[in-house]
Amino acid sequence: MIDSHCHLDREPLLSNLSQVLIRAKEAGVKKLLTICTTTSEYTNILDIISKDQMIYGTFGIHPHETKNYFIKKDEIIKKVKMSSKIIGVGETGLDFYYNNSDKDSQLQSFQNHIEAAISLNIPLIIHSRNAENETYDILKKNYHKNLKILMHCFTGSKDLALNLLPLNAYFSASGIITFKNSTLLQDTFKEIPEDKLLIETDSPFLSPEPNRGKKNEPAYIKFTAQKLASLRNMEMEKLIKITTKNFNTLFF
């Protein structure tokens, strides 16, 4: 299995990293992608990816952080080039769930990340919440053969997924698909083509059932994989092979 989105720089993962990695390996995790959300945490990301060959990283500014950490395209490119193990741009995107006061800074930051990803020819990791139309519009406007998209922790509508597929989008399932009230999302993940599926923990957040309410970690990705395999009526081993191949196709 590959955890395509986690935050190893967050507690309690960071201070227990060696044990977290042991448990992940015991669960069958082969690669981890630890995600950057602010400029200030990037030093930790660079340190973490040096700890084990299974760990890769990204550079980006989360939409919630764009007012405090606004960054230009050339700066993003420079940060990514600091290590060959930085293999993605993000997480970036749009989140209008809590307030709309920073829409302009989010949109401009997202645009800068898109342009950097195109220039670098590496995937763009996207966070989208309460911003379906705006997310689709900016991605459609910037469609480019070098723009490879990963919709992280996808919770959007089936319509959004279908609209993004022609734009070379992949979709990552998180522990949310294991929640009993996520029936619409489960239906969406039944419809996404298998060559566009990935899995993630978003740890230490969003622990899947049966660990909901606890701090999440990469080892728990097995529960999301089990649920996704069940939803798609396939053996878990096959699901793992598919999502592993998709991750490697997207990032390597």
Determine, yes or no, whether residue 207 is within 18 Å of the chain's Cα centre (by Cα) and in a loop (DSSP other than H, G, I, E, B). yes
Answer yes or no as to whether residue 103 is out of contact with any Ser or Thr (no Cβ under 7 Å at 6 or more places or on another chain) and surrounded by 15 or more Cβ atoms within 10 Å (Cβ to Cβ). yes
So residue 197, is it under 15 Å from the mean Cα position of the chain (by Cα), buried (at least 17 other Cβ atoms within 10 Å of the Cβ) and touching a residue at least 24 places away in the same chain (Cβ under 8 Å): yes
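Within the range 108-131, can you find the residues that are in a helix (DSSP H, G or I) and surrounded by fewer than 17 Cβ atoms within 10 Å (Cβ to Cβ)?
108, 111, 119, listed by residue number.
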Close pairs from the range 232-244: first at pLDDT 95 or above, partner β-branched (Val, Ile, Thr) and not in a helix (DSSP H, G or I), Cβ under 9 Å, at least 6 apart: 239/199; 240/2; 240/199; 243/2; 243/199; 244/2
Where residues in the range 169-183 are buried (at least 19 other Cβ atoms within 10 Å of the Cβ) and not hydrophobic (A, V, I, L, M, F, W, C), which of them is farthest from residue 207 (Cα to Cα)? 170
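Out of the range 137-154, which residues are crowded, with 20+ Cβ neighbours inside 10 Å and free of Cβ contacts under 8 Å to residues at least 60 places away in the same chain?
Within the range 137-154, 139, 149, 151, 154 qualify.
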Could you list, in sequence order, all residues of the range 57-89 that are buried (at least 21 other Cβ atoms within 10 Å of the Cβ) and hydroxyl-bearing (Ser, Thr, Tyr)? 58, 66
All-but-one check, residue 92 against (1) in contact with a helix residue (DSSP H, G or I) (Cβ under 6 Å, 6 or more places away or on another chain); (2) among the hydroxyl-bearing types (Ser, Thr, Tyr); (3) surrounded by fewer than 24 Cβ atoms within 10 Å (Cβ to Cβ), failing number (3)
Qualifying positions in the range 15-55 - among the small types (Gly, Ala, Ser) and either surrounded by 12 or more Cβ atoms within 10 Å (Cβ to Cβ) or not in a helix (DSSP H, G or I) (or both): 24, 27, 28, 40, 50
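The values are calculated or read from the model by the stated rules, or taken from the named source; none is laboratory data. Computed from a predicted model, the values in this text were never measured in an experiment. In this analysis, Cβ positions are derived from the backbone assuming ideal geometry, glycine residues included, and neighbour counts consider all displayed protein chains.
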